[in-house]
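The values are calculated or read from the model by the stated rules, or taken from the named source; none is laboratory data. Please read all numbers here as calculations on a predicted model, not as lab measurements. Cβ coordinates were reconstructed from backbone atoms using ideal geometry, including for glycine residues, and neighbour counts include every protein chain displayed.
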Amino acid sequence: MLIRIDPESPDPLYEQVAASVHIAILDGRLGPGDRLPTAREIADLLEINLHTVLRAYQTLRDEGLIELRRGRGAVVTASAARVTELARDIHVLVAQAAALGISPTTLAALVKETSL
């Protein structure tokens, strides 16, 4: 699994680590049951603080995308597959809106208006 960070980015490092995992789930490189590298492995590889990676993993856990299991590490949950399906649905929605000439700003307003 490839995790990238940009030290020049204004985004916090933990958000960049979490975003890399999000992308890997959305594009199918990670699926339910897959194990993530240990936090220590990622910290060593990226030369960042271990607690930064742990915070990213906690964020992903709070979003329901991974489970943190003592002795087994971080494992992608079954609900991650539903996120992938949702991403596909969003792509279809965006394509349909574009075909109708609806701007991304208008589409975002429509989604926001219909949100719970």
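Some values worked out for this structure:
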read-out: GLU85, sole failed condition from (1) in contact with a Lys or Arg (Cβ under 8 Å, 6 or more places away or on another chain); (2) loosely packed, with under 13 Cβ neighbours inside 10 Å; (3) within 13 Å of PRO32 (Cβ to Cβ); value: (1)
read-out: ALA87 being of a type outside the set (Val, Ile, Thr) and at pLDDT 95 or above; value: no
read-out: Number of the exception - GLY71 against (1) modelled with pLDDT of 95 or more; (2) more than 13 Å from the chain's Cα centre (by Cα); (3) not polar (S, T, N, Q); value: (1)
read-out: Contacts under 7 angstrom Cβ, first residue in segment 5-17 being closer than 17 Å to LEU50 by Cα, partner among the small types (Gly, Ala, Ser), 6 or more apart; value: TYR14/ALA56; GLN16/SER9; VAL17/ALA56
read-out: Hits in segment 44-97 (condition: closer than 19 Å to ALA24 by Cα, not small (Gly, Ala, Ser) and not in a helix (DSSP H, G or I)); value: GLU63, LEU65, ILE66, GLU67, LEU68, VAL75, VAL76, THR77
read-out: Neighbours by Cβ (under 6 Å, 6+ apart or cross-chain): first from segment 51-65, at pLDDT 95 or above; second surrounded by fewer than 18 Cβ atoms within 10 Å (Cβ to Cβ) and outside any helix (DSSP H, G or I); value: ARG61/LEU68
read-out: Positions within segment 2-41 being acidic (Asp, Glu) and assigned to a helix (DSSP H, G or I), in sequence order; value: GLU15, GLU41
read-out: Hits in segment 98-109 (condition: surrounded by 13 or more Cβ atoms within 10 Å (Cβ to Cβ) and either in contact (Cβ under 8 Å) with a residue 60 or more places away in the chain or over 22 Å from LEU26 (Cα atoms) (or both)); value: ILE102
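Conditions tested, residue by residue: (1) out of contact with any helix residue (DSSP H, G or I) (no Cβ under 8 Å at 6 or more places or on another chain); (2) surrounded by 18 or more Cβ atoms within 10 Å (Cβ to Cβ).
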residue	(1), (2)
TYR14	no, yes
VAL17	no, yes
VAL21	no, yes
ALA24	yes, yes
GLY28	no, no
PRO32	no, no
LEU36	no, yes
ALA43	no, yes
